[in-house]
1. Can you name the residue in region 327-359 that is touching a Lys or Arg at 6+ places or on another chain (Cβ under 7 Å) and touching a residue at least 60 places away in the same chain (Cβ under 8 Å) and, of all such residues, is surrounded by the most Cβ atoms within 10 Å (Cβ to Cβ)?
2. Taking Leu268, is it among the aliphatic types (A, V, I, L, M), closer than 23 Å to Val375 by Cα and out of contact with any strand residue (DSSP E or B) (no Cβ under 6 Å at 6 or more places or on another chain)?
3. Mind checking which residues of region 244-273 are outside any helix (DSSP H, G or I), within 21 Å of the chain's Cα centre (by Cα), under 14 Å from Leu224 (Cα atoms) and not small (Gly, Ala, Ser)?
4. State yes or no: is Val309 farther than 15 Å from Pro405 by Cα and open to solvent by 10 Å² or more (accessible area, probe 1.4 Å)?
5. Looking only at region 255-288, count every residue that is surrounded by fewer than 24 Cβ atoms within 10 Å (Cβ to Cβ) and of a type in the set (Lys, Arg) and tell me the total.
6. Please work out which residue is surrounded by the most Cβ atoms within 10 Å (Cβ to Cβ), limiting yourself to region 220-243 and to residues that are touching a residue at least 40 places away in the same chain (Cβ under 8 Å) and in a helix (DSSP H, G or I).
7. Could you pull out the residue among Ala108, Ala81, Ala112 that is in a helix (DSSP H, G or I) and free of Cβ contacts under 8 Å to residues at least 24 places away in the same chain?
8. Identify all residues within region 99-120 that are polar (S, T, N, Q) and either more than 21 Å from the chain's Cα centre (by Cα) or over 22 Å from Thr317 (Cβ atoms) (or both); write none if there are none.
Amino acid sequence: MSLSETVVIRSRRVVLPDGEGPADVLVRDGRIARIAAHGSLAADGAGPTDLGDTALLPGLVDTHVHVNEPGRTAWEGFATATRAAAAGGVTTIVDMPLNSVPPTTTLAGLEAKRKAAEGQTWVDLGFWGGAVPGNLADLEPLHRAGVFGFKSFLAPSGVDEFPHLEPTALEAALAEQAGLGALAVIHAEDPAVLAAAPRQPGVHYRDFLASRPAGAETAAVARLLAAARRTGARVHVPHVSSAAVLPLLRRARAEGVEVTAETCPHYLTLAAEQVPDGDTAFKCCPPIREEANREALWTALAAGEFAAVVSDHSPCTPDLKLLPAQGGSGDFAVAWGGIASLQLGLSAVWTEARRRGHTLADVAGWMSAGPARLVGLDGRKGAIAVGRDADLVAFDPDARFTVHPGELHHRNPVTPYAGRTLTGAVRTTWLRGRVVDVAGEPFGVRLVGPGAGPVRTG
């Protein structure tokens, strides 16, 4: 599409901020220029794209993706991750500062990320920085350079180059970020609770679950909130797996603490009772918990207690998962913890949301508008509205498909969704009004930070 060309996309199910209905969406210069009555607009060239009853959603914004490049590109990379994103209706991702080498804890690490991304991104891209022991002086330069905020851990992260923050260092990092006005994203599991929990090696998922108890999350969140009260920092709790933390968050908000939280598709769609022994594709930290806990998360999501639903896409090479089908031990205690679902999150969440009576507008709010608002992109992303980027998704909400790993685009197609039947299929993804062809050439567009414009990288 040339800059002067207009495109019209028409559907009887356009998901707008105020609900779903028939409409025409006019795109010009990569942005939404007009929304009008269904069938009322004309386009240049070949005419309107008429989706019929296929729904038109805003492109998803996934603010929790581990791309891992450079350094662990064998685990995942910008080309494979962004292709998977586009295939799953995700048009913007924000990359986590670990598990790449170097991590994004210095300007040099950020520049390494930007260079690695050049010429191989199919969707818009931004970066989190990292706050780790000893890099307090790096936070302000990283903030000026355009990271969306800073990720930290309260317990060991799993990789040596990204150590966790002890209480004194956490306090200092939060105070610095409060001064910068930056968002602090804190992996909240308490190391003392984890150390005291039983650690039983083996293939039984119940033993792994016991080693990562819900109490580790509640203790860590309580400590984080106390530090946020003292420092005035704006904090965000990622990948909430335990509903037991929700009363703590409610109370803190009522007291004026600026705290948000997210949960993930795997916590909303999977349950501990379903995990087969030895199937370490299900391992993540914090873990997938029981069915009753999953239902409590859904209740909280419906009540608006989560700012976003995002993937925490964290793949690795198959050998690190120790899958028995590939000759591994199936030992949950030793296998790498991380769920790969970037391409499948929309369908997985819709499958369960629909069953519970939720709408496509609800899902768009959780997976597009919410995360865009979280990172300050809600003026440009997250909704089908005039002036926003024309990041759009044609989504068939009634289609059913079985997940075949060979059809996934992320680098190592290991996923707990393998063999599951999901409802809702992405048919087309548009980035700034252009159809994304994951088999074609990358767009080479990325975001450098909140409110920043697109920068060509190749």
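The values are calculated or read from the model by the stated rules, or taken from the named source; none is laboratory data. From a predicted model like this one, the values you see are computed outputs, not experimental measurements. Backbone-built Cβ (ideal geometry, glycine too); neighbour counts: all protein chains shown. These area figures cover heavy atoms from the full protein model, side chains too; ligands, DNA and RNA do not enter into them. Shrake-Rupley method; radii C 1.70, N 1.55, O 1.52, S 1.80 Å.
1. Result: Phe332.
2. Judged against the criteria, Leu268 is a match.
3. Within region 244-273, Glu258, Val259, Thr260 meet the criteria.
4. Judged against the criteria, Val309 is not a match.
5. 0
6. Ranking the qualifying residues of region 220-243, first place goes to Leu224.
7. Ala108
8. Thr105, Thr106
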